[in-house]
Protein chains: 4
Amino acid sequence: MFKELKREAYEANVALPRHGLINLTFGNASAIDRPRGVFAIKPSGVDYSALTPEDMVVVDLEGRRVEGRLNPSSDTPTHRRLFLAFPDIGGVVHTHSSHATAFAQAGRPIPIFGTTHADYFNGAVLVTRKMRPEEIASAYEWETGNVIVERLQNLDPADCPGVLVNRHAPFTWGPTVAKAVETAVAMECVADMALMSLALAPDLGPIEPELLAKHFKRKHGAGAYYGQA
Amino acid sequence: MFKELKREAYEANVALPRHGLINLTFGNASAIDRPRGVFAIKPSGVDYSALTPEDMVVVDLEGRRVEGRLNPSSDTPTHRRLFLAFPDIGGVVHTHSSHATAFAQAGRPIPIFGTTHADYFNGAVLVTRKMRPEEIASAYEWETGNVIVERLQNLDPADCPGVLVNRHAPFTWGPTVAKAVETAVAMECVADMALMSLALAPDLGPIEPELLAKHFKRKHGAGAYYGQA
Amino acid sequence: MFKELKREAYEANVALPRHGLINLTFGNASAIDRPRGVFAIKPSGVDYSALTPEDMVVVDLEGRRVEGRLNPSSDTPTHRRLFLAFPDIGGVVHTHSSHATAFAQAGRPIPIFGTTHADYFNGAVLVTRKMRPEEIASAYEWETGNVIVERLQNLDPADCPGVLVNRHAPFTWGPTVAKAVETAVAMECVADMALMSLALAPDLGPIEPELLAKHFKRKHGAGAYYGQA
Amino acid sequence: MFKELKREAYEANVALPRHGLINLTFGNASAIDRPRGVFAIKPSGVDYSALTPEDMVVVDLEGRRVEGRLNPSSDTPTHRRLFLAFPDIGGVVHTHSSHATAFAQAGRPIPIFGTTHADYFNGAVLVTRKMRPEEIASAYEWETGNVIVERLQNLDPADCPGVLVNRHAPFTWGPTVAKAVETAVAMECVADMALMSLALAPDLGPIEPELLAKHFKRKHGAGAYYGQA
């Protein structure tokens, strides 16, 4: 049925521990098939080392399980919310990668201090507002998606392909789930470097706008010239 | 005799260096067979790479060696004390994992700053009081167990599945020794992230109680909905 | 054609992730054949795990592709600028290694605090001035080379085999590209140790000149006595 | 000739990068045969991955090469000085392990903050005084041994099995070179944890003397009860 989609989601999920972004069973990745209106996601609480492509759970955009024996990730409603809000994305990744999560816990954006960051994000990595008790008490994971969407209001999800959920951890997205994994790796890396830059220069300001634009546009948009063709 | 029990303890012990929680011969894990009143534990000072399931030492709850040629871990009386005090636990783990140990050495609890922490602990990771000279001079390892039990007084060991021994290092426990290993991994991870969060926000307060309750209960108790079945 | 040169560049490029200096597709290494006036460099945006010696792109000192199907690294003009300015170097390496990049982002030189640093650099690792908007807007990568050359003015590139580009990341060079890789490893290592030394002693001054000279000269110049032959 | 001695030194040397204590060709280990008055040491500047037992260089206590084609480590006179001053040691290890080196560069002892440290050292890890210009200009590596011996004056090398050379890096020793490697691993580990403990508690005092004595004596001396037999 959804063999290719499940393989794509599987490859993204197992890439997460390989990149050192995941401990234990934290985190999950999903890939969407837009024409069919379904996405494949990691099953809940399954160890990455035991995961197979067949274990992926296929869910539709109303949240119904369409294929798979296992329960989908408990974070499935967050993924679903993002797929509904951002029509151009093809994949979503959630990790608890340690440096990015440290910023999320502290409720601080990751400042944009250099070109590594500018290669991936067109500005700081933003933090959502804290969730309200009633949001936590009701459809918690769906509301997690809502605070992300609220934070992205008036922003282009392609300029800002990830966010920190306050007190929680990062989410990233992209045209494909493989690209969302790459962005999750980059976010963890720039969070690490930002922490050290702050230790060296506590009042460090952001990268100059010309340099930011140059690097972001080397890799994104019509004038991109990084990579092959 | 105790083949299954020894294998269970063995698997937990060798998981510790694999998770990066152990250097050299530091640390140990034990699994209990409640009906038979015995637990299997790592032998003292043996290198993890040379360990076999047969090397595990089986000890009864009076502290007598029941099976095994080697000396049990010098920390055996601490494990025994915990098995006696907490009747619902099935395993105990002791590591010197670096970030958690840094908090233990500083005598500071690991504050609960985010959902990663709340997935495992229903509050901060507590620190024991310092041990008194007479406790150190007498049955030191048994008394180490006593200060842990004292620190847990009026708390549910399931809400608080680990503690930092002041000036020393962490101990964790759980329904199985495999779960105690998982909690040791999580404690090291949240200690790492807490240190970085404190660097970013020195006056950071704890996670909001609603969010703590939500995450702890997603994984624990009657309403848990994380994982399979 | 340039089989040996391409192999040399290839070996240097794949050494970068093996030494932990590279995430994703960041960074690149190049080796020059001075008599023939060409250098081999990594193709742009290709994953290190998929790289082969044949993928290396051969470029001449006017910047024309001489051999290879793929686009050369977008940083090729920076490498070319350095090969033109420093006639004695045989290779150039660019990484975003995290600790060195943290200093680059903060715009701070890496102070020379110990003998590990003095084994490789005859002083602090310097930082370029920030690039001007018009430099960024025009031939950005060539101008990146220019600010490096400007920073090295009146210095011997053999005494100072690497630099931090402000807001960006490190570049290193050497008599061979293999030696430039070694210097990149050493720079990352001393950046890491310098950060920790600053945490322990925020006002720490540089190593004493006699000790610096002793260590640098143990490994460099006529009186060198480190190593074989 | 010295086949066993060379194998012992070889095993210790290759253990250093395996434990993450060594980058590039930094560091070296040596083992002594007291009855024959010779020690085997790593050759200078040879990559660890290419090292064989036959490459080890055998040197006598007057510093003459007795066996081996290669030049011995440039640090050989330091090892020789320590073997002469401390008649009970069987091996010496020198690394540039990053956390211990950070303390050495800062000129600060590693404070004894916990039991992990007390399992290996009977107090803080001390730092030598800075070397004088004339010591650096003359027999530098021999004089490096001299400042270590001076720092150990009136101390038992068994209580204090390692030291930080100011501005340089750690040296450790022990009854065997394998034990000196273990102590080098432990020193790096406690340096890492001490740095973090200082971040959490900048004014943290040393471990209480009773707890220090208990842990050091669990592993050392007549009353030791850690390990087998």
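The values are calculated or read from the model by the stated rules, or taken from the named source; none is laboratory data. None of these values were measured; they are calculated from a predicted model. Note that we place each Cβ from the backbone using ideal geometry, even for glycine, and neighbour counts take in every protein chain shown. Ligands, DNA and RNA are excluded from the accessible area calculation, which covers all protein heavy atoms including side chains. Shrake-Rupley method; radii C 1.70, N 1.55, O 1.52, S 1.80 Å.
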- Kindly state, to the nearest 0.05, the FRET efficiency for residue C:176 paired with residue B:50, given R0 = 35 Å and r defined as their beta-carbon distance. 0.25
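Work out the length of the dipole vector of region C:77-229 about its Cα centre, built from +1 on the beta-carbon of each Lys and Arg and -1 on the beta-carbon of each Asp and Glu, and round it to the nearest 20 debye.
Details: 13 positive and 15 negative charges, 18 e Å.
Approximately 80 debye in magnitude.
Hey, what number do you get for chain C at 222 nm if only DSSP H runs of n ≥ 4 count, each worth -39500 (n - 2.57), divided across all residues, to the nearest 500? Don't skip to the answer; put the middle values down first.
On the way: 8 runs with 92 residues, N = 229.
Helices in chain C give a 222 nm mean residue ellipticity of -12500 deg cm²/dmol.
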- Item | Global geometry of region B:173-229, whether rounded, prolate or oblate, following the gyration tensor of its Cα atoms and the 1.5 cut on a/c | oblate
- Query: What number, in percent, do you get for the relative contact order of chain A if the mean sequence gap of Cα pairs under 8 Å and at least 6 apart is divided by its residue count?
  - Reply: 21 percent
- Task: List the distances, in nm to one decimal, from the label point of residue C:133 to the label points of the same position in every other copy, shortest first, placing each label point 7 Å from Cα along the Cα-to-Cβ direction.
- Result: 5.1, 5.1, 7.2
- Kindly tabulate the residues in region B:52-86 with an accessible-area decrease of at least 30 Å² between the chain alone and the assembly of all protein chains, using a probe of 1.4 Å. B:71, B:74
- Note on the structure: Inter-copy distances for residue C:203, nm, shortest first, label points 7 Å along Cα→Cβ, are 1.9, 1.9, 2.7
- Item | Shortest-first nm distances, residue D:1 label point to equivalent points in other copies (7 Å, Cα→Cβ) | 5.3, 5.3, 7.5
- For region D:108-229, accessible area per residue (1.4 Å probe, heavy atoms of protein chains only), Å²: 36 Å²
- Message: With the cut-off at 25 Å, tell me which of the pairs D:3/D:42; B:179/D:217; A:130/B:219 have Cα atoms farther apart than that.
- Response: B:179/D:217
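Rounded, prolate or oblate for the protein assembly as shown? Axes are the square roots of the Cα gyration tensor eigenvalues, ordered a ≥ b ≥ c, and the cut-off for rounded is a/c under 1.5.
Taking the square roots of the gyration eigenvalues as a ≥ b ≥ c, the protein assembly as shown is oblate.
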- Message: Can you work out the Karplus-derived ³J(HN,Hα) for every residue in region C:90-97? Use 6.51 cos²θ - 1.76 cosθ + 1.60 with θ = phi - 60°, whole Hz, and x for glycine or proline.
- Response: x, x, 10, 10, 10, 10, 10, 4
- If you take the beta carbon distance between residue C:33 and residue D:1 as r and set R0 to 41 Å, what does 1/(1 + (r/R0)^6) give as a FRET efficiency, to the nearest 0.05? 0.35
- Just the number, please: carbon plus sulfur as a percent of the accessible area of the protein assembly as shown, 1.4 Å probe, no ligands or DNA/RNA counted. 52 percent
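State whether chain B is rounded, prolate or oblate according to the following rule on the C-alpha gyration tensor (a ≥ b ≥ c being the square roots of its eigenvalues): a/c under 1.5 gives rounded; otherwise a/b larger than b/c gives prolate, and the remaining case gives oblate.
Working: a/c = 1.70, a/b = 1.44, b/c = 1.18.
Judged from the Cα gyration tensor, chain B comes out prolate (a/c at least 1.5, a/b above b/c).
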- Message: Compute a Gaussian network model of chain A, connecting alpha carbons closer than 10 Å, and tell me which residue from A:184, A:50, A:169 fluctuates the most.
- Response: A:50
- Task: Name the residues whose placed amide hydrogens come within less than 5 Å of the amide hydrogen of residue B:159, ignoring near sequence neighbours (fewer than 5 apart) on the same chain.
- Result: none
- With a 1.4 Å probe and ligands and nucleic acids left out, the total accessible area lost when C pairs with A, in Å² to the nearest 100, equals 2700 Å²
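Provide a whole-number value for the mean count of partner chain Cβ atoms within 10 Å of the Cβ atoms in peptide B:107-115. Spell out each step's value before the answer.
Values: counts 5, 4, 0, 1, 1, 2, 7, 12, 11.
Other-chain Cβ atoms within 10 Å of each residue's Cβ, averaged: 5.
Do you know the relative contact order of region A:139-223, to the nearest whole percent, from alpha carbon pairs under 8 angstrom that are 6+ apart?
Numbers: 38 pairs, mean separation 11.3, N = 85.
That works out to 13 percent.
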- Query: Which chain A residue comes nearest the axis with its C-beta when you rotate A onto D, and by how many angstrom?
  - Reply: A:199, 5
- Task: Take each uninterrupted DSSP H stretch in chain D, measure its Cα extent along the helix axis, and return the ones at 15 Å or beyond whose mean Kyte-Doolittle hydropathy is at least 0.0.
- Result: D:177-200
